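The values are calculated or read from the model by the stated rules, or taken from the named source; none is laboratory data. Only a predicted model underlies this, so the values are computations on that prediction, with no experimental measurement involved. No Cβ is skipped: glycine too gets one built from the backbone with ideal geometry, and neighbour counts run over all protein chains shown.
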Amino acid sequence: MTLQISIQKSNPFDGDKPIIQVPLCISEQLNITVDDTIQVKVGRKIVTAELIISQDENNILHMNQRLYQELFLPLEIIHLQAYYHENRLCLGPVIAVLTEIRPHKNQPPSFGSIHNYCGELHHYSQKTGAVVYITSLSKYPNKGFFCMENGWAETKMPHPDFIYNRIHSRKNENSKLFKKAITEYKEDNTIFFNSCFVSKWEVHEQLEKVSQLQAFLPKTSLFDPILFPVWMNQHKDLFLKPVNGSQGHGIIHVFLENNVIFIERTNSPTPSKHPFKSVSLAAVSIQKWMMKKSYIMQETIPLITDENKKIDFRFLCHKINLHEWKITSAVARISGDDQFVSNIAQGGVLAKPLEILSNHFAREKAVLIYKLMKDLALEVSNIIGQSIDGFFAELGIDIGVDVKGNPWLIEVNSKPSKQIDSNEKQIRPSTKAIIHYCMNVWKERSHLDDNNGDINTHST
């Protein structure tokens, strides 16, 4: 069994050797064998400590400073899960968030767009019994930041049970430091999730193989200057998207209106539409804007709008354990003024999905459409999790609805944005979902009949 416990430093036990004091009630609940010593495991670190059984009737373990230091734990009161296996007291889970850390001289560190989210992860992990460190490619695996009583402080870090990849740059993911981190996590059998960005073209290729999903996929191809005029003649309206783009950056909208080709871009310094007399002239500018990056082209689906503002729906999906997915949250996104995409990073605003759907369809039909979208989001998450290289525990699934009420898959995002402001006293659902996932998997592993009780031995 697992048990949530607290760990507290005990000054009377200070000395040259590691010492841990365990209350009798915890000893009995975890079936700890009373002996002179016990192995204490945190993350990948194992330390042999002198064992003292006390008569305290609480769930507080006392460690001396030496044991804290050897386990690389911050000298704070912390809350963890515990289980016992073959004279080894295992404490965890230890979760590391891998991201970019901006140093500020004589100022607290900044974790960029996920800074507030990291704070939520820390507070919720301590509430439920886990520890979260924030680390970077240059600091992993030895150091990270832990949220002390006075704020984030750099400290030694145990090798984690889980690494949550929130690197924001594809360039950084292709660096030698990232590949080194990948090698080390494999050697440690650490569960490394959301391990990479996903390619729009690879996602489409995998989903297109699934017959029940084909009806929900817009017609899509890699951009080809020879094929482009053919598609424009056939569809009259296309979206061109960078294969490795995110947050709506670099998207090009091409459409025919009154026998004139118009182009609008998310990266354009002005929201104006660029007119072209022919498809061939438009193609010249398009290829210049693409700057030799790979793009896909998609037929434009006539999606529902709100006062001519674009609407789509973001479903945030998380794994419950190693195999099952759930929908954590869903929002409607409405594009900003003079924008042709609904991404929040491009000025979009949020609304409640059923309210938006009910403005366009009868209530009963709106409910059915909403259910179909949720089923689609879960099915897409399952397929991506099984078919794309890497391991994912969180995906953002973007879905649009056409004027007839048919859902269409727009995009899959393996690094969904965390920039949405939240009430300081409120923990957002995605924060809870990440901690619950790590907790569930850690507890699953605690019940494995391994030789060493290793929670990572059978990870996928």
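Points worth noting:
- Long-range neighbours under 6 Å by Cβ, at least six apart or interchain, first residue outside the structural domain of Lys404 (by TED's automatic domain parsing) and more than 21 Å from Phe262 (Cβ to Cβ) within region 215-244, second in a helix (DSSP H, G or I) and charged (D, E, K, R): Val243/Lys200; Asn244/Arg170
- Lone qualifier among Lys143, Lys105 - being without any contact (Cβ under 8 Å) to a residue 12 or more places away in the chain and at negative phi: Lys105
- Here the strands (runs of 3 or more DSSP E) wholly within region 13-68 that include at least 3 residues being at pLDDT 95 or above and under 30 Å from Tyr185 (Cβ atoms) are 37-42, 45-54.
- Within region 423-460, tally of residues that are at pLDDT below 50 and acidic (Asp, Glu): 3
- Which numbered condition His122 misses (of (1) touching a Cys at 6+ places or on another chain (Cβ under 7 Å); (2) part of a loop (DSSP other than H, G, I, E, B)): (2)
- Looking across region 307-325 at every residue that is surrounded by fewer than 16 Cβ atoms within 10 Å (Cβ to Cβ) and of a type outside the set (Val, Ile, Thr), the one that is farthest from Asp237 (Cα to Cα) is identified as Asn321.
So that you can scan it fast, the table gives a plain yes or no per residue for (1) modelled with pLDDT of 90 or more; (2) out of contact with any strand residue (DSSP E or B) (no Cβ under 9 Å at 6 or more places or on another chain):
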| residue | (1), (2) |
| --- | --- |
| Ile182 | no, no |
| Asn194 | yes, no |
| Gln212 | yes, yes |
| Asp237 | yes, no |
| Gln247 | no, no |
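- Contact map, region 29-54: first residue on the phi > 0 side of the Ramachandran plot, second residue buried (at least 19 other Cβ atoms within 10 Å of the Cβ) and part of a loop (DSSP other than H, G, I, E, B), Cβ cut-off under 7 Å, separation 6 or more or different chains; pairs are Gly43/Pro158; Gly43/His159; Gly43/Pro160; Gly43/Asp161.
- Looking only at residues in region 129-162 that are among the acidic types (Asp, Glu) and in contact with a Gly (Cβ under 8 Å, 6 or more places away or on another chain), the one that is farthest from Leu322 (Cα to Cα) is Glu154.
- Residue within region 388-409 that is of a type in the set (S, T, N, Q) and at pLDDT below 95 present: no
- Selection over region 85-108 of residues that are under 12 Å from Ser136 (Cβ atoms) and touching a Lys or Arg at 6+ places or on another chain (Cβ under 7 Å) gives a count of 3.
- Condition check for Tyr140: more than 20 Å from Lys293 (Cβ to Cβ), at pLDDT 95 or above, of a type in the set (Phe, Trp, Tyr) and not assigned by TED's automatic domain parsing to the domain that holds Ile399: no
- Checking Lys241, Lys236, Lys277 one by one, the residue that is surrounded by fewer than 17 Cβ atoms within 10 Å (Cβ to Cβ) and within 27 Å of Val203 (Cβ to Cβ) is Lys236 and no other.
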